Amino acid sequence: MKAGSNLERVLESGQFAVTAELGPPKGADAEVVKKKGSLLRDCADAINITDNQTAIARMSSIACGVILNQLNLEPVIQVVCRDRNRLAIQSDILGAAALGIKNVLCLSGDHQKFGNHPQAKNVYDIDAIHLIQVLKKMRDEKKLLEGDDLTIEPKLYIGAVENPYADPYEFRVIRLAKKIRAGCDFVQTQGVFDVKKFKDWMKTITDQGLDRKVHILAGIIPIKSAGMVRYMRDYVSGVSVPEEIVTRMENAKDPRQEGINICLEIIDELKEIPGLHGIHIMAIAWETVVRIIVDKAGLAPRPAV
Amino acid sequence: MIITKQKPFEEILKFLESSPRVFIAGCTLCATTCKTGGEEEAKKIEKKLQDKGKVVSGWVILDPACHILNNKKYFRENKEKLDQADSILVLACGNGVQAVGESMDKKVYPGCDTLFLGEIIRFGNYEERCQLCGECILDKTGGICPITRCSKSLLNGPCGGAEDGKCEIDPEIECGWQLIIDQLEKQDKLHLLEEIIPPKDWSKSRDGGLRRLTIGRKEK
């Protein structure tokens, strides 16, 4: 075991993993974190906490992670390269590990233009691939990026993200292979709506044997309304939504229920895809739906490993 | 002026490995002044490349290398010389290299490293003065730029690291804020130092993505 986290044990024992996303509050409010965390208890193998998602300043992912740990819920903390340089990232990671964080997800981070501080200077001192390398070096070689020895290494299960739908399509698998070479242990994808295209992508992955080098979790975004799905189609870069799903949501008498049905159908198809090792449910501001989806998809109870 | 420095010849040879025939393009402006990409330097590089067995199909000092329309016209008129080359070695700033690349369908390689936007103190002695941050605050700082001259780019300096007017990172570097204070004192404008300069709008700098300016037509 690299980190000995629950997520690592579930994935390494070959079971179909479920993780769920938690968005930190815009305030120093630990109760919100505890409440959202409790809603996800027993539904997910680990809870993934965003790091100032869409470049909006919120409670730090590490702090939220520690709050979840106190409730015996396992966090995956996201770390983006937008806000911190290599010094700050390494220092925060050491602190996070010392506080009991075992899973880290490495991302570039949304550009600050999309957030509430568009005038901010961005950092991007290192990119997401470098970040994976840095974490791996700290964990496996017990060294900082520039080579200084660490007294105690951070024992981390290292995650990365990939978008099967982003352009240029031909480059996506090459980039994923780079992330695997850099040292990631698991990969979460962008939300899957277009299962056909996702299957094609997974086929390329399995053809190259990459699914044996890394655990891939498909992103699931529960949709609440026709407006939300149109927004995802039109404004969220790198999300591909088939017209059929938009039409179904537009015609639905109970859009929330229809959104859940669509999710369940997608998960059913995903479960059959060779090489796919789990799902990651991103139900930001709709945490209650996670339990419903996990139950109805036959993914409950979560394995005790 | 854009200050450039010619790359070590070995480095140039390395990226020209798969280009037996080379065309050289310099620039009449900054690179000529810096003596990194003028006529003299183009001829020197031509000779060195020939000594290493390369065929130099021709050279030109573009006027200037960052002018796409001019470049296109020249390349059209000298198509033959360019057709004979596998690639173009550009002795100019990074902008010049890319403008040449956009002016014709040919591989381009950088002959220089682009260092900074600076002033000529005397020939061979250049110093950075502007970081092109997109929103000038020289009115508040006695005409001396803290973004460039303070090593931390502090807007409300100096920090606690200055000693005898020198920066903590290098005793050869003057403390930018010491310079600003001295200048404001001379101008009897020290009161400006009491103002808290607000956080900068970095979206106008490179942090906001590719910058564009269109004058005379619809401005973006």
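The values are calculated or read from the model by the stated rules, or taken from the named source; none is laboratory data. Remember, it's a predicted structure, so these values are computed and weren't measured experimentally. So basically every Cβ, Gly included, is an ideal-geometry build from the backbone, and we count neighbours across all protein chains shown.
Closer than 30 Å to A:GLU265 by Cβ and touching a residue at least 40 places away in the same chain (Cβ under 8 Å), is that true of A:GLN208?
No.
When you go through (1) surrounded by 16 or more Cβ atoms within 10 Å (Cβ to Cβ); (2) closer than 20 Å to A:ALA44 by Cα; (3) not hydroxyl-bearing (Ser, Thr, Tyr) one by one for A:GLU265, which number turns out not to apply?
Looking at each condition in turn, A:GLU265 falls short on (1).
Run B:CYS175 past the list (1) exposed (fewer than 11 other Cβ atoms within 10 Å of the Cβ); (2) closer than 27 Å to A:GLN119 by Cα; (3) more than 14 Å from chain A (Cβ to nearest Cβ) and report the number of the one that doesn't hold.
(1)
Here is a yes/no grid of residues against (1) farther than 25 Å from B:TRP177 by Cβ; (2) in contact (Cβ under 8 Å) with a residue 12 or more places away in the chain; (3) outside the structural domain of B:GLU39 (by TED's automatic domain parsing); (4) touching a Leu at 6+ places or on another chain (Cβ under 7 Å):
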| residue | (1), (2), (3), (4) |
| --- | --- |
| B:ALA92 | yes, yes, no, no |
| B:GLY96 | yes, yes, no, no |
| B:GLU102 | yes, yes, no, no |
| B:ASP105 | yes, no, no, no |
| B:TYR109 | yes, yes, no, yes |
| B:ILE120 | no, yes, yes, no |
| B:GLU127 | no, no, yes, no |
| B:CYS130 | no, yes, yes, yes |
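When you check B:LYS140 against the structure, is it outside the structural domain of B:GLN178 (by TED's automatic domain parsing) and among the basic types (Lys, Arg), yes or no?
no
Could you please give the count of residues in the stretch B:178-210 that are polar (S, T, N, Q), under 28 Å from A:ASN116 (Cα atoms) and away from chain A (no Cβ under 13 Å)?
Looking only at that region, the number is 0.
Based on this model, can you work out whether A:GLY65 counts as at pLDDT 95 or above, away from every other protein chain (no Cβ under 14 Å) and surrounded by fewer than 19 Cβ atoms within 10 Å (Cβ to Cβ)?
no
Do we have B:LEU213 as under 15 Å from B:GLY143 (Cα atoms), among the aliphatic types (A, V, I, L, M) and away from every other protein chain (no Cβ under 14 Å) here?
No; evaluated as a whole, the condition is false for this residue.
Those residues that are assigned to a loop (DSSP other than H, G, I, E, B) and in contact (Cβ under 8 Å) with a residue 24 or more places away in the chain, I need them from the stretch A:1-13; list them, please.
Of everything in the stretch A:1-13, those that are assigned to a loop (DSSP other than H, G, I, E, B) and in contact (Cβ under 8 Å) with a residue 24 or more places away in the chain turn out to be A:LYS2, A:ALA3, A:GLY4, A:SER5, A:SER13.
Output the number of residues of the stretch B:185-202 satisfying the condition of being free of Cβ contacts under 8 Å to residues at least 60 places away in the same chain and within 29 Å of the chain's Cα centre (by Cα).
2
For every residue, the table says whether it meets (1) outside any loop (DSSP other than H, G, I, E, B); (2) in contact with a Ser or Thr (Cβ under 6 Å, 6 or more places away or on another chain); (3) surrounded by 13 or more Cβ atoms within 10 Å (Cβ to Cβ).
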site	(1), (2), (3)
B:GLY37	no, no, yes
B:ALA42	yes, no, yes
B:LYS48	yes, no, yes
B:VAL56	yes, no, yes
B:TRP59	yes, no, yes
B:LEU69	yes, no, no
B:ALA99	yes, no, yes
B:ASP105	no, no, no
B:ILE121	yes, no, no
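Of the residues that sit in the stretch A:91-121 and are over 20 Å from the mean Cα position of the chain (by Cα) and surrounded by 15 or more Cβ atoms within 10 Å (Cβ to Cβ), which one is farthest from the other protein chains (Cβ to nearest Cβ)?
Once the filter is applied, the top-ranked residue is A:LEU94.
Name the residue, out of A:VAL187, A:VAL161, that is modelled with pLDDT of 95 or more, buried (at least 23 other Cβ atoms within 10 Å of the Cβ), in a strand (DSSP E or B) and not polar (S, T, N, Q).
Of the residues listed, the single one that is modelled with pLDDT of 95 or more, buried (at least 23 other Cβ atoms within 10 Å of the Cβ), in a strand (DSSP E or B) and not polar (S, T, N, Q) is A:VAL187.
Of all residues in the stretch A:14-37, how many are more than 22 Å from A:ALA297 (Cα to Cα) and not in a loop (DSSP other than H, G, I, E, B)?
Here the count works out to 6.
Go through the stretch B:123-161 and give me each residue that's surrounded by 15 or more Cβ atoms within 10 Å (Cβ to Cβ) and either among the β-branched types (Val, Ile, Thr) or closer than 30 Å to B:LYS73 by Cβ (or both).
B:THR141, B:ILE144, B:ILE147, B:THR148
Could you list all residues from the stretch A:35-65 that are of a type outside the set (A, V, I, L, M) and within 19 Å of A:ASN6 (Cβ to Cβ)?
Listed by number, the residues that qualify are A:LYS36, A:GLY37, A:SER38, A:ARG41, A:ASP42, A:CYS43, A:ASP45, A:ASN48, A:SER61, A:CYS64, A:GLY65.
Is the stretch A:214-226 home to any residue that is under 27 Å from A:GLU8 (Cα atoms) and without any contact (Cβ under 8 Å) to a residue 60 or more places away in the chain?
Checked the stretch A:214-226: at least one residue is under 27 Å from A:GLU8 (Cα atoms) and without any contact (Cβ under 8 Å) to a residue 60 or more places away in the chain.
State all residues of the stretch A:122-156 that are within 14 Å of chain B (Cβ to nearest Cβ) and farther than 14 Å from A:ILE56 by Cα; if no residue qualifies, say none.
A:VAL123, A:TYR124, A:ASP125
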